[in-house]
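*Asks:* The structure is given below, and queries will be raised subsequently.
The values are calculated or read from the model by the stated rules, or taken from the named source; none is laboratory data. Here the structure is a predicted model, which is why all the values come from computation and not from measurement. Cβ atoms come from the backbone with ideal geometry, glycine included; neighbour counts cover every protein chain shown.
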Amino acid sequence: MPHESAKTKGRSRPHRRILRLLSVTAVLGLLATGGLLVYLYQKPLPPLGDDIRSKLLDSRGEVLAAFTSDGRSRDPVELAQISPLLIKATLAVEDRKFYGHVGFDMKGMGRAVLANLESGERSQGASTLTQQLARNLYLTHEKTWTRKAKEALYTMQLEMKFSKDEILNMYLNEIYYGHGAYGIEAAAQMYFGKPAAELDLAESAMLAGIPKGPTYYSPYNHMENAKKRQGIILSSMVDTGDITAEQALAASGETLAFKPRGSQETAALAPYFRDYVRAQVLQLLNISTDELEQGGLRVYTTLDPDMQQAAEEAVRKGMDAQSELETALVSVDPRSGHIKAMVGGKNYRTNQFNHALATTRQPGSSFKPVMYLTALSSKEMTSLSVFNSQPTLFHYDNNRKTYQPRNFGDKYLGEINMRQAIAASDNIYAVNTIMKIGADQVAEMAVRMGISSPLQSVPSLALGTSPVSPLEMASAYAVIGGGGVKYPVTAILKITDSNGKLLYEAPQPQGEQIVEPGASYVLTRLMEGVFESGGTGNRVASIIKRPVAGKTGTTDTDGWMVGFTPELATAVWVGYDKGREISTTDGRRAAPIFAEFTEKALENVPPKIFPIPDGVVSVYINPQSGKLATAACPEKELETFISGTEPKEYCDEHGEEGQASSGEEQTPAKAAPAEEEHSLWRDIKRWWMN
């Protein structure tokens with residue numbers, strides 16, 4: 001018996017050792033788990049996305065947008081501002097046990113593990129809302145064990161640091177609902193044009209189904225899939241007791257009033273400008289996209305938020321949302337070169353290409369002012385220079401080549417001067433002008449004015465056959481509107497890091513006098529005629545209640561309106577991406593967009609006349625003879641010239657008939673001083689605007 005007792009004791013020792021080992025392991029496990037929990041509780045979570053994203057600020061120093069690669073549209077709201085039906089629909093389909101678990105659905109995870117083992121792939125998951133939030137906030141969606149481990153840790157931290165309501169609120173503001181909309185408020189506005197608080201049962205079930213597959217379940221892309229998903233969610237809500245079967249049936253049969261896709265708001269104000277600035281920041285600081293997006297930079301820009309809003313409204317009003325016709329608008333302050341507004345297309349969500357920077361568009365007749373500025377500044381021509389508007393075959397390149405332009409509608413005006421040619425956009429006069437002053441000189445002037453696109457020094461350059469971008473055209477017109485002074489086009493004022501340290505600051509604007517102020521002013525006066533009776537911009541003149549100068553341009557594929565006030569130089573383009581021909585109606589969309597924008601953007605700025613520089617003189621001339629008018633001339637027009645280029649001879653076409661009844665000799669009309677011109681012009685404008 002003692003022998004057997006010893007043997008029994010010998011056999012029991014391994015069991016006791018195993019028990020002790022298990023006990024120690026359990027204790028160590030508990031200590032490790034406790035330590036991990038304490039560590040996770042004390043360890044701060046990574047900054048939320050909006051805290052680390054670099055920001056774009058407008059000219060007032062207010063945040064305009066965040067730099068993100070996804071172009072997300074977010075409008076965070078409190079949980080109380082979200083329809084309870086949407087909350088119930090989301091929980092019913094995504095996480096029924098949300099308020100009862102600690103971040104993980106253990107049974108669901110077990111079922112997913114078995115299914116994955118059976119299939120041999122990680123094809124199924126059982127993510128709770130907290131896990132989804134952790135993934136969306138801090139991680140990628142790649143299916144790796146490393147990512148899943150990190151997700152688990154972040155999930156525990158979220159559950160420890162936030163209440164269930166806070167987690168649910170964060171989730172509903174973060175989840176993706178398709179078409180650039182992140183968060184339920186952005187989704188409700190995009191799909192239904194209403195706040196999230198006003199969503200009914202049918203709308204809530206529809207939206208709650210989209211995050212599972214934002215493209216596959218999008219009602220815009222696949223309505224049939226979206227309706228099936230809506231039905232599944234309504235059934236789930238019946239199962240959870242949130243609604244009755246009758247309510248589900250009624251909601252399923254409800255016809256939903258979706259907003260037309262083309263009428264959706266852009267992802268954020270000025271998305272094209274944001275992308276334009278993004279490219280410049282990457283180049284200026286020589287950093288990567290990740291460093292920009294997650295670096296906490298603050299990029300201060302020149303954009304005026306009110307003017308940008310006016311630009312986007314003008315585009316929405318002036319364009320057909322259902323058409324493929326595209327547009328661009330860019331506006332520059334002639335006094336500084338600062339970009340104040342930029343719209344690169346009709347709808348950023350559907351087309352992110354920035355047409356304001358596209359250098360493949362022919363400016364047509366909107367290029368002519370560049371040529372006329374060259375002619376005036378050379379003093380070889382004045383506003384009274386005459387050419388015959390008639391079908392003409394031009395010879396160039398030592399008579400080895402010919403060019404025969406046509407006027408629109410084959411309308412020819414006979415002998416006309418520069419003022420008449422600009423107002424009527426006469427092509428024959430324009431080509432005569434470039435043949436006289438030289439295409440090389442025009443191309444050189446264009447470069448000096450800010451046009452960097454390659455230009456062909458041929459007669460057709462006068463008619464805008466060399467492609468340029470809307471931004472280049474706005475820059476060139478800013479020179480005219482700025483008294484012949486060119487400022488570098490600027491979008492970024494300064495960049496600071498997350499601690500406020502200055503990383504970049506734009507130089508103070510230093511204007512370069514490209515041409516003498518007199519030449520720019522004379523051309524400005526001529527271009528004002530485009531908006532007067534007989535001018536190609538006359539049909540939108542009633543919209544603009546202030547002095548404005550500009551030029552239209554139309555080609556087979558492009559429509560333009562480029563113009564300026566003393567405060568803004570703006571280019572508007574319309575056309576198709578594929579370069580197909582535009583209709584006359586399409587080509588005429590640019591001018592109303594320009595007019596609507598200009599008037600709205602400057603609604604709080606009192607109208608101003610263009611400042612009159614030194615070096616110009618205004619005289620009364622006889623429009624028929626082009627000579628200085630006398631008291632005998634029945635018609636007199638006030639015309640402005642660069643000093644020294646005004647006519648020197650007096651009109652002698654009216655002879656004795658023009659003399660006063662007293663028999664005294666007629667005295668010629670004298671040059672009008674600048675003050676008289678200022679007053680006369682102001683009176684005319686006041687009458688025009690009334």
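*Asks:* Can you say whether N417 is polar (S, T, N, Q) and within 23 Å of the chain's Cα centre (by Cα), as far as the supplied structure shows?
*Replies:* For N417, the condition - polar (S, T, N, Q) and within 23 Å of the chain's Cα centre (by Cα) - is not met.
The rows are residues; the columns are (1) in contact (Cβ under 8 Å) with a residue 60 or more places away in the chain; (2) more than 31 Å from the chain's Cα centre (by Cα); (3) over 27 Å from Q189 (Cα atoms).
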site	(1), (2), (3)
R229	no, yes, no
Q247	no, yes, no
L269	yes, no, no
Y272	yes, no, no
D275	yes, no, no
L282	no, no, yes
L297	yes, no, yes
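*Asks:* Hey, another quick one. Among (1) of a type in the set (D, E, K, R); (2) outside any helix (DSSP H, G or I); (3) touching a Pro at 6+ places or on another chain (Cβ under 9 Å), which single condition is K494 missing?
*Replies:* (3)
*Asks:* Please verify whether the stretch 459-468 includes one or more residues that are under 24 Å from the mean Cα position of the chain (by Cα) and either closer than 15 Å to A569 by Cβ or at pLDDT 95 or above (or both).
*Replies:* yes
*Asks:* Restricting attention to the stretch 137-153, and to residues there that are modelled with pLDDT of 75 or more and of a type outside the set (A, V, I, L, M), which single residue is nearest to Y176 (Cα to Cα)?
*Replies:* Filtering the stretch 137-153 for residues that are modelled with pLDDT of 75 or more and of a type outside the set (A, V, I, L, M), the one nearest to Y176 (Cα to Cα) comes out as E151.
*Asks:* Return a yes/no flag: does the stretch 347-362 have any residue that is in a loop (DSSP other than H, G, I, E, B), crowded, with 24+ Cβ neighbours inside 10 Å and modelled with pLDDT under 95.
*Replies:* Looking for residues that are in a loop (DSSP other than H, G, I, E, B), crowded, with 24+ Cβ neighbours inside 10 Å and modelled with pLDDT under 95, one finds at least one in the stretch 347-362, hence yes.
*Asks:* Would you be able to tell me the number of residues in the stretch 630-645 that are among the acidic types (D, E) and either closer than 17 Å to G529 by Cα or at pLDDT 95 or above (or both)?
*Replies:* Total satisfying the criteria: 2.
*Asks:* If F641 passes every condition in (1) of a type outside the set (S, T, Y); (2) crowded, with 18+ Cβ neighbours inside 10 Å; (3) in a loop (DSSP other than H, G, I, E, B) but one, which one does it miss?
*Replies:* So F641 meets the others, but not (3).
*Asks:* Please enumerate the residues belonging to the stretch 252-291 that are at pLDDT 80 or above and of a type in the set (S, T, N, Q).
*Replies:* Of everything in the stretch 252-291, those that are at pLDDT 80 or above and of a type in the set (S, T, N, Q) turn out to be S252, T255, Q280, Q283, N286, S288, T289.
*Asks:* Of A430, A476, A423, which residue is in a helix (DSSP H, G or I), at pLDDT below 95 and among the aliphatic types (A, V, I, L, M)?
*Replies:* None of the others qualify; the one that does is A423.
*Asks:* Right, something else. Only one of (1) touching a helix residue (DSSP H, G or I) at 6+ places or on another chain (Cβ under 9 Å); (2) within 24 Å of G537 (Cα to Cα) is not met by A478, so which one is it?
*Replies:* (1)
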